[in-house]
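All remarks here apply to the structure that follows.
The values are calculated or read from the model by the stated rules, or taken from the named source; none is laboratory data. Quick caveat: nothing in here was measured; it's all calculated off a predicted structure. Cβ placement follows ideal geometry from the backbone for every residue including glycine, while neighbour counts extend to all protein chains displayed.
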Amino acid sequence: MSAPNKTPTRNNALDGVRGYAALAVGIYHSILCLHNSNAVEQFLKTPLHDNPNLYHFVTKLLLVIFNGETAVILFFILSGAVLFASLQSAIQKKSLLKCTTDFIIARLFRIYPALIICLICFFVAFLLLNKLNPVFFSFSIEQLFHNLILYKPEAMHGATWTLQIEIVAVPFILVSFYLYHRLGIWGGIISFIYMALAIKLKFLVFYHPTLAGCLYYFVLGFAMTTPQAKYVFSKINGKIAPVALIALLMTGHIGYGLTPLSFLVKGFFAFIFVGIIFYKRSVLFDRFLTHRIAEYFGKISYSVYLFNLIFIDIALCMLTKLPSVTERYLEAGMVIALFSLIVTLPVAHCVEKYIEQPCIRLGRWVQNIKLPISVLSPQPSAESARALIQEIYPFPQQ
C-alpha cells in the first residue's frame with residue numbers, strides 16, 4: 001500500500017488515517033501468521049458470533065478491529081481521492097500531456113525506491129540468516145526479480161500486491177481523469193459503470209484477479225473530490241464518523257459473514273468515513289488524527305507497511321519451533337506484532353528520511369527537465385551538480 005503524493009492543501013488527518021491503517025496491517029498479519037492458509041480463510045469467513053469459544057471470539061474481535069482488508073480499502077480510497085485532487089489541481093496550470101507524464105513519474109519515484117531497498121534487505125537478511133540457521137528460509141534471485149518488477153508479489157513480500165495494484169491502476173486513473181476533465185460528472189459516471197462491470201467482466205481489466213474490486217475503491221476516492229460530493233458532505237453531521245467507522249469494521253463479520261454485498265457495503269461506509277475526514281467535518285477525529293503521534297505514523301506509514309513484514313517473518317521463524325506456540329496463536333501473534341513494530345519504527349524512520357523524501361524531490365526534478373534543451377546543453381558543472389544534490393538531500397550548509 002503506498003502513500004500518495006502531497007496535495008496543495010494537505011489534510012494532515014488523512015496521514016493519521018494512513019498511519020493507523022499501516023499499524024493495523026502489521027497487527028493483522030502478526031495474529032494470522034501462525035495459521036495455515038486454509039485455517040486463515042475459514043477463520044476470516046466465520047461471523048463474529050459463530051466462534052466456538054471465548055479465545056476464538058477475542059481473536060476474531062481483534063482481527064475485526066485491526067483488519068488488514070479494511071486498512072487496504074482505506075488505502076485505495078485515500079489514494080484515489082488524493083491523486084485525483086492532485087490531478088485536478090495540476091490541470092489548472094499544465095497541459096493534459098504534462099499532467100500525465102508528471103503523474104507517472106511521481107508514482108514511479110514514490111513507489112519504487114523504498115520498495116527496491118526493502119526487497120533487497122529482505123533478500124540479503126534471509127540469505128544470511130539461512131546460512132546461520134536452516135530454520136530461516138531464503139529466496140532465489142528469480143523470486144527477487146519477480147517481486148521487484150511486481151510481476152509476482154507473492155514471490156517474496158506478499159503485502160506488495162497492493163503496490164502492484166497502485167501501478168497497474170495508473171492507466172485507469174488517468175483515463176478516468178481524462179473522462180471527468182472532458183465530460184464532467186458524466187465522465188465520472190462512465191468510469192464508475194466501467195469499474196462496476198469489470199467486477200463481473202474480468203476482460204475489462206485484462207483478467208487481473210483483484211484489480212476490478214480495487215478499482216471500485218479508487219473510483220469512490222475519485223468521487224470524493226467532486227463538487228457534488230463536497231456538497232453532500234457539507235450537509236453530513238461529522239458526529240456520525242464513529243458510526244461509519246464501526247459499521248465499516250463490522251460489515252462482513254456479523255450476520256452471514258463475507259458476501260459480495262458486504263464488499264459493496266464496506267466501500268460505502270469507507271467512503272462516508274474518509275469523506276468526513278477529507279472535508280474536516282469531524283472535530284473529534286480531526287484532533288485525534290492530527291495529533292503528532294498520528295501524524296508521525298502517517299509520515300512513515302509506507303516504510304512501516306513495507307518493512308514490518310520482514311521482522312514479522314523473522315519472529316515467526318524464531319517462534320515456530322517453540323512448543324504449543326501455534327495453539328496460543330493470539331498471545332504469540334501479539335508478541336510478534338510488538339517485536340516487529342519496535343524494530344520496524346527506526347528502520348522506517350530512516351528509510352522515509354533518506355530514501356522516500358529524497359526520491360520524491362528527485363522525481364520533481366525529473367518532471368522539470370526540459371529534454372530538448374538538456375540534450376543539447378553541455379555537461380553540468382560541479383556547481384550545478386552540487387545544487388542538485390542539495391535539492392534532493394537538503395542537508396544544512398557547513
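Side notes on the structure shown:
- Residue that is surrounded by the fewest Cβ atoms within 10 Å (Cβ to Cβ), among those in segment 218-254 that are within 28 Å of ALA198 (Cβ to Cβ) and in contact with a Lys or Arg (Cβ under 8 Å, 6 or more places away or on another chain): PHE233
- Residue in segment 44-65 that is outside any loop (DSSP other than H, G, I, E, B), modelled with pLDDT of 85 or more and buried (at least 22 other Cβ atoms within 10 Å of the Cβ) present: yes
- Being surrounded by 18 or more Cβ atoms within 10 Å (Cβ to Cβ) and within 30 Å of PHE192 (Cα to Cα) holds for only one residue in THR101, THR70, and it is THR70.
- Residues of segment 280-305 that are more than 14 Å from ASN12 (Cβ to Cβ) and surrounded by fewer than 24 Cβ atoms within 10 Å (Cβ to Cβ): ARG281, VAL283, LEU284.
- Segment 203-236 - residue that is assigned to a helix (DSSP H, G or I) and modelled with pLDDT under 90 and, of those, nearest to SER176 (Cα to Cα): ALA212
- Here GLY188 fulfils each of the conditions (1) surrounded by fewer than 17 Cβ atoms within 10 Å (Cβ to Cβ); (2) touching a residue at least 24 places away in the same chain (Cβ under 8 Å) apart from (1).
- Members of segment 289-310 found to be assigned to a helix (DSSP H, G or I) and of a type in the set (Val, Ile, Thr), listed by number: ILE293, VAL304, ILE310
- Unique residue being modelled with pLDDT under 90 and part of a helix (DSSP H, G or I) when the list is GLU331, GLU352, GLU327, GLU356: GLU331
- Segment 131-162: number of residues that are closer than 27 Å to ILE27 by Cβ and either in contact with a strand residue (DSSP E or B) (Cβ under 6 Å, 6 or more places away or on another chain) or among the polar types (S, T, N, Q) (or both): 6
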